[in-house]
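The values are calculated or read from the model by the stated rules, or taken from the named source; none is laboratory data. Keep in mind it's a predicted model, so treat the numbers as computed, not measured. Note that we place each Cβ from the backbone using ideal geometry, even for glycine, and neighbour counts take in every protein chain shown. What goes into the accessible areas is simple: the full protein's heavy atoms, side chains included, and nothing from ligands, DNA or RNA. Shrake-Rupley method; radii C 1.70, N 1.55, O 1.52, S 1.80 Å.
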Amino acid sequence: MILTQLEKFRQAIYDCLGKAKDAVFELMDAVLTSPSIPSFVSLSQSPVFRRQWSSIYAALHDSRPPRRKLMKLMVKKVETEEQPFLAGDHSFWSRPEARTLRERTFHGDRGGSIGIGQSYSTLAWIPEADGSWALPLRHERITSFETSTTKAVFQLKQVTRELGVRPLAAYDRGYGNAKFVQATGDIDADLLLRLASNRCVWGTPSPYKGRGAPCKHGHKFKLNDSETWPVAKETLEVEDPKIGRVKVMRWSGFHFLQSPNRVMEIIRVEVIKPVGRNRKFQPLWLAWLGKTMPPLENFWRKYLRRFALEHWYRFVKQRLYWTQPQVSSTQAAERWSDLMPLLTWQLWLARVACIDSPLPWQSTQDTLSPGRVAQAFPLILAAIGTPAQPPKTRGKSPGRAQGHQPSPRPRYPSVKKHSSKKPKTEESLKNADLTAA
């Protein structure tokens, strides 16, 4: 049967969930079969959710999804003839009014605005060269004592241990720095990082002349200053049918100032003749770290596959309702977030049996997107059924005693993460004044 793999995966998920697994599993089915909801609690009105509305919140409170066990289950489904391609990034769940929620932190975006909420880090397998499919292997909250860099390093280390093959992991420019490069030195993975255009890298130092300390850094390569560019080791121009004529340049033997032991290949991708009118592309700077550099002609396109993770973030927020519930418990928010990878993997395994059924205003698709598979998932669910058991009658709760007044829930301040720089003391300020004088 073509849906056997999906049924086995759903049964394995059900066996792993532990407490409240029936309610949690029916909650996932309710999400997959509900194209739109006015509020989170309205998922209890789905025909596949056979319990009372309060069971939705009770399931998130009582469940304990085992992340490591579920990660191993998903890693086993990674099948590819080429080197596995992973993409990592983090996204923000805004909760500005949730004063009873622990560990809300500040988050700034590129537009300059500041938000209050919780950030989540994701590491996903990108199965296709083209398309919007991203299959998360880890999706976890960045706690107040972690940063996006330390969490990304932890996730990459956990996944590579289970993969068994050396993957290629791509990250955005927020990770293209010395801290991330240095922290991933002992991980068995190739890295493809985007660099900010104002970055500086340093070349290999000149041979030691026998006097003083040996030099650690050589030529300073400023990416936004063409006068500092050395002669490229390799330059080629290729024609891409979707983008246009592209010029690719490569330099070898460069490193960040704070990670001289991690040598990188610097790649610059520039669109010199775009396809279509009024299309402008900023030059793309990449850094590659690994064992054997692949041929440059097609390798630069691999980074474009990372944008599938951006599509996934939009999909889980709009269609899988990731940021819809306004739960007051950090643990409940984490357990709800743990279901997002499981929902996505079910859609991926269901796509092989999915028949495209577009709405009247939608065009047909040859390669189905996650949203299009979700449209047809109710028919697939009717064919395979659910391993969840029906609810049992347990009577009515006596409720609160007459006259009982619960105390208000505690309020928690927003956590402000301190910078890594050492704080200024009175002695340091005095020394600075004396030096200036």
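When Leu296, Leu286 are screened for being open to solvent by less than 50 Å² (accessible area, probe 1.4 Å) and within 18 Å of Ala196 (Cα to Cα), only Leu286 passes.
All told, Arg68 meets the bar of being touching a residue at least 12 places away in the same chain (Cβ under 8 Å) and out of contact with any strand residue (DSSP E or B) (no Cβ under 7 Å at 6 or more places or on another chain).
Residue by residue through the range 305-341, note down the ones that are among the small types (Gly, Ala, Ser) and under 19 Å from Leu137 (Cβ atoms). Listed by number, the residues that qualify are Ala308, Ser337.
If you go through the range 351-403 and keep only what is in contact with a Cys (Cβ under 7 Å, 6 or more places away or on another chain) and either open to solvent by 70 Å² or more (accessible area, probe 1.4 Å) or in a loop (DSSP other than H, G, I, E, B) (or both), you end up with just Leu368. All of Asp15, Asp22 fail the test of being surrounded by 13 or more Cβ atoms within 10 Å (Cβ to Cβ), assigned by the TED database to the domain that holds Leu343, modelled with pLDDT of 90 or more and of a type in the set (Asp, Glu), apart from Asp22.
Look at the range 85-130 and say how many of its residues are within 30 Å of Gln346 (Cα to Cα) and either open to solvent by 10 Å² or more (accessible area, probe 1.4 Å) or not in a loop (DSSP other than H, G, I, E, B) (or both). Give the steps one after another, and end with the answer.
Looking only at the range 85-130, we keep the residues that are within 30 Å of Gln346 (Cα to Cα), and these are 85-95, 117-130.
Narrowing further to those that are either open to solvent by 10 Å² or more (accessible area, probe 1.4 Å) or not in a loop (DSSP other than H, G, I, E, B) (or both): 85-95, 117-125, 127-130.
Adding up the residues that qualify gives 24.
Every condition in (1) closer than 24 Å to Leu339 by Cα; (2) under 15 Å from the mean Cα position of the chain (by Cα) is met by Glu162 except one, and the failing one is (2). Quick check on the range 167-174. Is at least one of its residues assigned to a loop (DSSP other than H, G, I, E, B), in contact (Cβ under 8 Å) with a residue 12 or more places away in the chain and either among the aliphatic types (A, V, I, L, M) or not assigned by the TED database to the domain that holds His90 (or both)? No, every residue in the range 167-174 fails to be assigned to a loop (DSSP other than H, G, I, E, B), in contact (Cβ under 8 Å) with a residue 12 or more places away in the chain and either among the aliphatic types (A, V, I, L, M) or not assigned by the TED database to the domain that holds His90 (or both). Within the range 410-429, if we keep just the residues that are surrounded by 10 or more Cβ atoms within 10 Å (Cβ to Cβ) and either touching a Ser or Thr at 6+ places or on another chain (Cβ under 8 Å) or assigned by the TED database to the domain that holds Ala350 (or both), the residue that is modelled with the lowest pLDDT turns out to be Lys417.
Of the residues making up the range 307-315, not a single one is within 24 Å of Asn198 (Cα to Cα) and either modelled with pLDDT under 90 or not assigned by the TED database to the domain that holds Glu128 (or both). Annotation: Thr344 fulfils all but one of (1) open to solvent by 20 Å² or more (accessible area, probe 1.4 Å); (2) in the same structural domain as Arg102 (by the TED database); the unmet one is (1).
Mind listing whichever residues of the range 306-329 are part of a helix (DSSP H, G or I) and buried (at least 17 other Cβ atoms within 10 Å of the Cβ)? Arg306, Ala308, Leu309, Trp312, Tyr313, Phe315, Val316, listed by residue number. Kindly evaluate Thr80 against the criterion of being open to solvent by 30 Å² or more (accessible area, probe 1.4 Å), hydroxyl-bearing (Ser, Thr, Tyr) and not in a loop (DSSP other than H, G, I, E, B). No.
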